[in-house]
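See below for the structure under consideration.
The values are calculated or read from the model by the stated rules, or taken from the named source; none is laboratory data. Note that the structure is predicted; figures quoted are calculated from it, not measured. For neighbour counting, all protein chains shown are included, and Cβ atoms are generated from backbone atoms with ideal geometry for every residue, glycine included. Ligands, DNA and RNA are stripped out before the accessible areas are found, and what is left, the full protein with its side chains, is counted by its heavy atoms. Shrake-Rupley method; radii C 1.70, N 1.55, O 1.52, S 1.80 Å.
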Amino acid sequence: MKAKYLHAKWQKAMRLRLDYNNMMTEFVGEEQGISQGDLRAKKDVITAAFEAVRAKRGTGMMGWTELPYNQKEVVADILATAKEIRKSCDAFVVLGIGGSALGPIAVMQALKHLHYNDLSKAQRKGPKFYVEDNVDPERMKALLDVIDVKKTVFNVITKSGSTSETMSQYLIIYDLLKKALGDDAAKHIVATTSENKGNLIRLAKQEGFKTFYIPDGVGGRFSELSPVGLLPAAVVGIDIRQMLAGAAFMDKLCGETRLRKNPALMSAALSYLAMEKGKNISVMMPYADSLRYMSDWYCQLWAESLGKAENVAGKIVNVGQTPVKALGVTDQHSQVQLYREGPFDKVVTFLAVDGYRTECAIADGCEEIPDVNFLCGHTLNELIDAERKATEYALTVSKRLNRTIYLPEVNAFTVGELLYFYEMETAFCGEMLGIDTYNQPGVEAGKNATYALLGRKGYESTRKEMEAAKAKKDEYIC
Ligand code: PA5
């Protein structure tokens with residue numbers, strides 16, 4: 001029988017909606033807002049970006065556009081591997097950073113129980129799940145305090161196979177595994193990396209690790225729909241085929257030539273125009289705990305892809321928009337004051353959910369205190385929705401640009417749509433800005449400086465440059 005998510009009617013019901021009313025002059029005024037005229041004036045830039053993405057898709061570093069379609073065999077392998085892991089181990093730990101960690105965290109949070117690791121084994125039906133995306137020694141110790149390496153599978157994820165953070169974690173863990181398990185240690189490592197380059201693939205071959213490949217044309221921050229994200233998701237029981245179907249559905253929408261019908265192109269055009277109007281900050285504010293780490297994933301995608309010194313012609317442009325994460329309603333009591341009254345330098349994007357996966361009634365009580373009692377008879381669902389609408393209203397009347405992406409519900413299909421939507425928006429926006437969306441010289445500079453400081457061979461000159469840098473003055477330290 002055809003899976004539910006493959007039915008056109010169901011897919012249509014699960015379509016994400018972009019509401020950009022409050023980006024427009026009619027709602028936030030001439031001075032701050034974007035007009036139909038502004039969009040018309042940029043028609044050529046928008047069309048050129050659309051055409052460029054269409055022409056480049058599937059080539060160069062745009063291999064990610066094909067992930068919803070070209071992974072039939074690898075998905076079967078992932079599902080078989082995940083099944084074994086679910087049966088045989090108590091914990092599954094991702095060792096990775098940046099694009100090799102943020103997607104798995106976001107998808108896990110979106111699609112599994114919000115206290116997944118605290119559930120009993122019978123309730124979880126799979127291993128506990130951890131993502132170690134830092135090299136804080138206290139965090140490593142804390143992990144080792146709560147897992148038994150003998151009953152854990154470690155998924156080492158690094159496209160380059162040389163990232164210091166990930167490789168240092170690998171060294172620590174593999175050493176522990178060998179001490180605890182001898183020859184069986186290799187069975188506890190799954191490597192996700194480039195097929196033909198880097199150190200991890202060499203090690204994987206030498207040690208005999210189970211390996212999944214990150215295609216050459218898929219960069220770290222665009223890799224969530226590759227084995228980078230699919231294996232961790234499958235291990236915790238997420239329907240990865242449904243996620244890919246959601247991405248494919250969004251891909252079709254993003255292929256629409258009419259701007260008004262193409263949500264990612266429209267969103268990119270609005271972001272681009274907002275940047276031109278000095279909106280240098282992009283806040284993502286989901287009104288759902290399940291989507292809170294989508295903001296971290298988005299922050300990396302937007303910041304690393306669009307924050308560039310040079311355009312493709314080599315001209316210094318120093319473009320980009322600083323992404324900020326916020327959570328509704330939590331940050332109404334923290335950041336919204338600034339968003340409403342501070343500088344006119346932001347666009348706020350709300351993520352709204354039409355149907356939460358549960359309903360929670362607010363109990364009766366406090367009859368003698370009407371200021372509390374008005375809540376009774378309502379649900380938390382109504383409260384969170386009212387608070388989102390209230391924040392949207394408050395920002396709009398203060399002429400603050402905001403838009404809302406509605407998810408009919410949070411499921412594997414809509415999460416696939418959302419991921420792909422943002423990847424496409426980023427691709428379109430990068431073209432509009434005329435930059436290389438897929439490089440990250442700023443990140444590489446930091447990586448190289450770390451290698452130099454720790455004495456990696458080949459980085460002697462970087463070390464010399466660093467040593468020659470101006471010494472800090474004591475008088476500026478108090
Ligand atoms: O998007 C990127 O390319 C980076 O953020 C990488 O994901 C990050 O630096 C980790 O790199 P790697 O997967 O090579 O370890």
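Remarks
- Selection of strands (runs of 3 or more DSSP E) fully inside region 299-386 by the criterion of at least 1 residues being of a type in the set (V, I, T) returns 316-319, 322-325, 346-353.
- Yes/no for A234 being small (G, A, S) and not assigned by TED's automatic domain parsing to the domain that holds F154: no
To keep it simple, each residue is scored yes or no on (1) touching a strand residue (DSSP E or B) at 6+ places or on another chain (Cβ under 7 Å); (2) aromatic (F, W, Y).
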| site | (1), (2) |
| --- | --- |
| K56 | no, no |
| W64 | no, yes |
| A91 | yes, no |
| A106 | no, no |
| A110 | no, no |
| L114 | no, no |
| V135 | no, no |
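- The requirement of being in the same structural domain as K277 (by TED's automatic domain parsing), of a type in the set (A, V, I, L, M) and either in contact (Cβ under 8 Å) with a residue 60 or more places away in the chain or surrounded by fewer than 14 Cβ atoms within 10 Å (Cβ to Cβ) (or both) is not satisfied by V324.
- Restricting attention to region 364-378, the residues that are open to solvent by 80 Å² or more (accessible area, probe 1.4 Å) and under 37 Å from the mean Cα position of the chain (by Cα) total 1.
- Matching helices (runs of 4 or more DSSP H) fully within region 191-263 where at least 2 residues are open to solvent by 40 Å² or more (accessible area, probe 1.4 Å): 199-207, 240-254
- If only residues of region 1-49 that are among the hydrophobic types (A, V, I, L, M, F, W, C) and in contact with a Phe, Trp or Tyr (Cβ under 7 Å, 6 or more places away or on another chain) are counted, the one that is surrounded by the most Cβ atoms within 10 Å (Cβ to Cβ) is A49.
- Some residue of region 282-293 being surrounded by fewer than 24 Cβ atoms within 10 Å (Cβ to Cβ), within 26 Å of S100 (Cα to Cα) and within 16 Å of the ligand (Cβ to nearest atom): yes
- When we screen S162, S168 for residues that are within 17 Å of A101 (Cα to Cα), open to solvent by 10 Å² or more (accessible area, probe 1.4 Å), of a type outside the set (F, W, Y) and not in a helix (DSSP H, G or I), the only hit is S162.
- The residue that is farthest from the ligand (Cβ to nearest atom), counting only those in region 427-457 that are open to solvent by 60 Å² or more (accessible area, probe 1.4 Å) and outside any helix (DSSP H, G or I), is K457.
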